[in-house]
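One structure is given below, encoded as structure tokens.
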Amino acid sequence: MSEHPECASIATAAGYVVAYDPDQLQDKIKEPRSWYEGDPLGTAERAAARYAAWPLGRRRGTNSFRLRLGDALTEREQAYDQGTTDPAPLEVKGEEVFVGPLERLPGDGFGERLSRIPDGGDLYAVAPGRYAVTVHVLDWRPDDQFWTEENEPTGDAPPDFVVCLAPVEELPAVPAEVPELLSLLPQKKPTASKQVVTGKTWRSRHRAPVQEAKPKRRRSSSSSGTGARRSPRGGVVKVKTLAPGELGIGAKVRHPYHGEGEVLFVKEGFPKAKVKFRDDLEVKVDKSQLTVI
């Protein structure tokens, strides 16, 4: 196995990671998505080992994460392993397993073909059989060696999660309780010299150097009326009146698996737009994937 296996990037508004054989859920393509949306851990399909699911848990400072599917951790990944979930059953009848966000389970006519899209998980070649599936949670983000000067993960950065498949003769029992994956990360400890911050030690980007705060300018009255909004970087972006169907700041849009949202930032000549979806999830997505509603 390669020391730097290929990872898939994932963003999920629903807050769950799933693994499944697409051939096992073909009968769900034309059903409403309500078959799983109400209780992803309580469906008959999960109980029948047709898919496995794990709640992500809330986090601060990151909208996406990276994972891969394999049979074991690499030597480098072992150094950052913070724990694993209980084995979940998964039956594979085809030759592929999809690992990605819950929103990519089939339903409402989607799922007949699983194409590769940004932050949408990936398909992996897997032999047919019965498997016990576990998820390892890695805490590599505080390590400065894995961040570029542009605050992006380096090419050899470990994944956040490693989904491991182990062949078994008999499927394990379906776990009655499934912990949030991010709950396995170490808690921040209070110190005498620093203010206590609650939450997990999870970050999406390298911590920038501390700079002295500049004096705040008084905001003129012209920037406080309608037609202007705060940009993601803290400035003020003037918002023009949008024509019907026009993609711009403030437009209501629909994404194939994130659902409906509002455009926060978009610029001509750039392929991506920043959109706020439900549960305050902010994601950069390809503009070609957005439909103005």
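Here, each number is a calculation from the coordinates, and none is a lab measurement. Since the structure is predicted, the reported quantities are computational estimates derived from the model, not experimental observations. A quick note on method: Cβ atoms are made from the backbone with ideal geometry, for glycine too, and the neighbour counts reach across all protein chains shown.
Brief remarks follow.
- For the range 132-147, putting each phi into the Karplus relation 6.51 cos²θ - 1.76 cosθ + 1.60 with θ = phi - 60° gives couplings of 9, 10, 10, 10, 8, 9, 10, 10, 9, 4, x, 8, 4, 5, 9, 10 Hz, in residue order, rounded to whole numbers and with x for Gly and Pro.
- Between residue 168 and residue 82, the modelled labels are 2.5 nm apart [label points 7 Å from Cα along Cα→Cβ].
- Annotation: amide H-H contacts under 5 Å for residue 178 (H modelled 1.01 Å from N, sequence separation of 5 or more, or interchain): none.
- Other residues within the sphere of radius under 15 Å centred on the Cβ of residue 126, judged by their own Cβ, net out at -4 (K and R +1, D and E -1).
- Applying 1/(1 + (r/R0)^6) with r as the Cβ-Cβ distance of residue 117 and residue 280 and R0 = 30 angstrom yields a FRET efficiency of 0.85.
- Couplings for the range 107-113, taken from phi via the Karplus curve 6.51 cos²θ - 1.76 cosθ + 1.60 with θ = phi - 60°, read x, 6, x, 9, x, 5, 10 Hz in order; Gly and Pro are left as x.
- Kirkwood-Stokes translational diffusion coefficient of the range 8-184, alpha-carbon pairs, 25 °C, 0.890 mPa s, µm²/s: 148 µm²/s
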